[in-house]
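Q: Quick one: the structure is below, and I'll ask about it shortly.
The values are calculated or read from the model by the stated rules, or taken from the named source; none is laboratory data. In this text the structure is predicted, and so the values were computed from the model without any measurement. All Cβ positions, glycine included, derive from the backbone under ideal geometry; neighbour counts span all protein chains shown. The protein model used for the area step is the full one, side chains on, heavy atoms only, and it has no ligands, DNA or RNA in it. Shrake-Rupley method; radii C 1.70, N 1.55, O 1.52, S 1.80 Å.
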Amino acid sequence: MGTMIALLLVLSALVGCAGNSMMDVKSAPAPEEVPLVYAVKMARSEEALTDEAGALLAECSYEVPVLRVLDEDGGELEEASTPQEERALEAAERFNAQFSDWLDDPQNLENLKESALADRDFRAEAGDGINSFVPYADALSCTAYQTGHVISISGTYESYTGGAHPNTMLLSWNFDLESGTFFEPEQLDQGGGLSESVQEELSRQIREITDCPEEIFWPDYEEILADWSSYAVFFNEEGMTVAFSPYELACYAAGPQIFHLSYEWLAPHLSEQARELLDL
């Protein structure tokens, strides 16, 4: 009987130890996630489109950003082994999908080639002569600004498709690394009057350029300024830039209209979350 009692006491002690061990494991804090490094590089593609005889029809040049996730050793992370890495790779994939068509869509090149060929043939049949044809051009160049929380891309798209002059379009993309999504500038405002304040500042800068804005800008330029967040808006080390392509705010001859707002001016109009996002 004494032996049985001793055995039961030992088993009870073991169960108690096991229970304590399991509780300790459950209550132990989760291991800290190692910060991942995001790196943006530029990928470039150039191609000359020709006819069957080798005559130039169009020239294409695209430079777009590619987002990579780096591991602890600085190498590119290709497969996820943790939820954190999985989220990071999904964010990079979402970012890169925004620009992939510029590099990987042969149909765009084929459409451009067909348009240029049709234009050249039309001019020849119209009696202008084939030499009056000017090869088409299609180009995109980008620059990237990155902080620990955001990637801001500014782009300049230039094209010539047989008109009186080339066309230029200013573009922008802003990406939140934490959420893994693109965001619009108005999302930076949470009751701080950002939209109205930016409009007033842009209008003030225009009045610094000229006492008679209607002589340079479209008559409804104030309404256009009110919709500033729908145009090219990007960030760099100095602040926020709002850019209007030719024809958007003024005639082609006036060129693009570009306005800069410093972080010092911007900060009071931003939400706390927005200031953290921009590392202010």
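Q: Just one of the numbered conditions (1) modelled with pLDDT under 90; (2) surrounded by 13 or more Cβ atoms within 10 Å (Cβ to Cβ); (3) among the hydrophobic types (A, V, I, L, M, F, W, C) is not true of A126; which one?
A: (2)
Q: Also, I was wondering about something else. Being farther than 19 Å from M42 by Cβ, in contact (Cβ under 8 Å) with a residue 24 or more places away in the chain, open to solvent by less than 70 Å² (accessible area, probe 1.4 Å) and part of a helix (DSSP H, G or I) is the filter here, so list the residues in region 68-105 that pass it.
A: Once the filter is applied, which keeps residues that are farther than 19 Å from M42 by Cβ, in contact (Cβ under 8 Å) with a residue 24 or more places away in the chain, open to solvent by less than 70 Å² (accessible area, probe 1.4 Å) and part of a helix (DSSP H, G or I), region 68-105 yields Q84, E85, A88.
Q: Right, here's the next one. What are the residues in region 173-208 that are more than 18 Å from H269 (Cα to Cα), outside any helix (DSSP H, G or I) and open to solvent by less than 30 Å² (accessible area, probe 1.4 Å), if any?
A: Of everything in region 173-208, those that are more than 18 Å from H269 (Cα to Cα), outside any helix (DSSP H, G or I) and open to solvent by less than 30 Å² (accessible area, probe 1.4 Å) turn out to be N174, F175, D176, L177, G180.
Q: Okay, next question. Based on this model, can you work out whether L57 counts as modelled with pLDDT of 90 or more, under 30 Å from T161 (Cβ atoms), surrounded by 12 or more Cβ atoms within 10 Å (Cβ to Cβ) and among the hydrophobic types (A, V, I, L, M, F, W, C)?
A: In short, yes.
Q: Then there is this: I'd like to check something: does region 18-26 contain any residue that is over 30 Å from S152 (Cβ atoms), at pLDDT 95 or above and open to solvent by 60 Å² or more (accessible area, probe 1.4 Å)?
A: Scanning region 18-26 turns up no residue that is over 30 Å from S152 (Cβ atoms), at pLDDT 95 or above and open to solvent by 60 Å² or more (accessible area, probe 1.4 Å).
Q: Considering only residues of region 27-39 that are open to solvent by 40 Å² or more (accessible area, probe 1.4 Å) and outside any loop (DSSP other than H, G, I, E, B), which is modelled with the lowest pLDDT?
A: That would be S27.
Q: Same structure again: Restricting the first residue to region 217-238 and requiring it to be open to solvent by 70 Å² or more (accessible area, probe 1.4 Å), which pairs with a second residue that is charged (D, E, K, R) meet a Cβ separation below 9 Å and a spacing of at least six or different chains?
A: So the pair list comes out as W218/E248; S230/E184.
Q: Of the residues in region 135-165, how many are farther than 21 Å from Y247 by Cα and not in a strand (DSSP E or B)?
A: 4
Q: Does Y62 fit the bill of being in contact with a strand residue (DSSP E or B) (Cβ under 9 Å, 6 or more places away or on another chain), open to solvent by less than 90 Å² (accessible area, probe 1.4 Å) and closer than 18 Å to Q107 by Cα?
A: Considered against the rule, which asks whether it is in contact with a strand residue (DSSP E or B) (Cβ under 9 Å, 6 or more places away or on another chain), open to solvent by less than 90 Å² (accessible area, probe 1.4 Å) and closer than 18 Å to Q107 by Cα, Y62 comes out as yes.
Q: Which of the numbered conditions does D119 fail, given that it passes all the others? Conditions: (1) out of contact with any Cys (no Cβ under 6 Å at 6 or more places or on another chain); (2) open to solvent by less than 40 Å² (accessible area, probe 1.4 Å); (3) modelled with pLDDT of 95 or more; (4) among the acidic types (D, E).
A: Exception for D119: condition (3).
Q: Would you pick out the residues in region 152-165 that are at pLDDT 95 or above and over 30 Å from G180 (Cα atoms)?
A: S159, Y160
Q: Same structure again: Here are some residues: L177, L171. Which one is closer than 30 Å to E114 by Cα and touching a residue at least 40 places away in the same chain (Cβ under 8 Å)?
A: Answer to the check: L171.
Q: Does region 250-280 hold any residues that are under 28 Å from T168 (Cα atoms), open to solvent by 70 Å² or more (accessible area, probe 1.4 Å) and not in a helix (DSSP H, G or I), and which are they?
A: I258, H260
Q: Would you check if T168 is outside any helix (DSSP H, G or I), at pLDDT 95 or above, within 16 Å of the chain's Cα centre (by Cα) and over 30 Å from E86 (Cβ atoms)?
A: Criteria not met by T168.
Q: Follow-up question, since we're still on this one. Can you report the number of residues in region 240-280 which are modelled with pLDDT of 95 or more and within 17 Å of F183 (Cβ to Cβ)?
A: Total meeting the criteria: 3.
Q: If you don't mind, there's one more thing I want to ask. Residues in region 41-48: is at least one part of a strand (DSSP E or B), polar (S, T, N, Q), at pLDDT 85 or above and out of contact with any helix residue (DSSP H, G or I) (no Cβ under 8 Å at 6 or more places or on another chain)?
A: no
Q: Can you tell me how many residues in region 214-227 are at pLDDT below 90 and touching a helix residue (DSSP H, G or I) at 6+ places or on another chain (Cβ under 6 Å)?
A: Adding up the residues that qualify gives 0.
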